[in-house]
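Please read the structure below before turning to the comments.
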Amino acid sequence: MCNFVSMKQKISAANHSVAIFFLLILLSFGLGYRNYSQMKLRIISDLNQALRHTVLQHKGKWLEVDTIQTYSKLQEAMGAPVFINSSNATFSEALSITELKDVSGLSLHILKKNDPNGTFNEFSAGYLVSDTLVWLSAASDTSELTLSFRGYARCPATMLFGLSQQTIPAILLLAALLWGGFAFFRLRNARNNNDKKRRKELITFGNLSLSLQETCFYNEQQARLKLTPMQYTLMEMFFLSSSHLVSKSDICQSLWPGKENAEETLYTLIRRLKPIIEENSNLKITTDRGRAYGLEMRG
């Protein structure tokens, strides 16, 4: 009963160690992903405010009739949408995140009102883009045209990861790795100690060992012998005898108390047990003048 309780405690401790390890891992990745996502939203918000500031400051220059008509004629001549992407000093200065100033810019696009084929330029992966700011021209010459502005910043995943607060997730990940290593070595040492303890409790004869605690026999490779309860009890009697010899009468009385003519049953038991012992050890079952059975080392 004590061994069973001890085993349950060890299994429970192992399960708790694994649970704590995965909890720390989940907290680390969960918090890291949250910080990463929040940083992404913060950058987009910064691009939005910088875009509004820049367009309002330069609307007089960008929304002049001549400027809009020039862009429109260029688009008609090319027969395709015209996108202008360039860095802008005002836009860069309006950004509150310093790391974005050298990797950001503005995108300008001319659209026709109610044009179903009007499209916005797409940015490749690794870029973050603001919301689109659309400015309608009130001038009669350009009333059918619309200017759209977007701010963008080249932010690969590595840059986003570096800008987001990853100190606590990194600490949690380190704690998970340290805990995992500690738990692994602790469980391994406990297993080694259990193996040593079990070896001390073994009764060995030849290369066969009896564990009274586990009620089983081990061969030289530490594999359990598959024995029936009767076979185990008989082998246990051989091992517990100082001479490894047990009389037939004692065996019959122990295995089949009160049974008459039990020697035939004993003979059958011995006959089936012999090949198992000889195949798994350097021992053999012998007969002592027909009065007893015993174990001997094979020559």
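The values are calculated or read from the model by the stated rules, or taken from the named source; none is laboratory data. Here the structure is a predicted model, which means the values were calculated and not measured. Reconstructed Cβ throughout: ideal geometry from the backbone, glycine too, with neighbour counts over all protein chains shown.
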Note on segment 41-62: residues within 13 Å of SER164 (Cα to Cα) and buried (at least 16 other Cβ atoms within 10 Å of the Cβ) are ILE43
State whether one or more residues within segment 20-33 are out of contact with any Asp or Glu (no Cβ under 7 Å at 6 or more places or on another chain), of a type in the set (Phe, Trp, Tyr), at pLDDT below 65 and more than 30 Å from ARG186 (Cβ to Cβ). no
Conditions (1) without any contact (Cβ under 8 Å) to a residue 60 or more places away in the chain; (2) surrounded by 13 or more Cβ atoms within 10 Å (Cβ to Cβ); (3) farther than 12 Å from LEU295 by Cα -> ASN219 fails only (1)
Given the criteria in contact (Cβ under 8 Å) with a residue 12 or more places away in the chain and under 30 Å from ALA89 (Cβ atoms), does CYS155 qualify? yes
If I go through segment 106-128 residue by residue, how many of them are surrounded by fewer than 17 Cβ atoms within 10 Å (Cβ to Cβ) and at pLDDT 90 or above? 1
Only one of THR286, THR265, THR233, THR228 is out of contact with any helix residue (DSSP H, G or I) (no Cβ under 9 Å at 6 or more places or on another chain), among the polar types (S, T, N, Q) and free of Cβ contacts under 8 Å to residues at least 24 places away in the same chain. Can you tell me which? THR286
When the residues of segment 139-163 are narrowed to those that are in a helix (DSSP H, G or I) and among the polar types (S, T, N, Q), which ends up modelled with the highest pLDDT? THR158
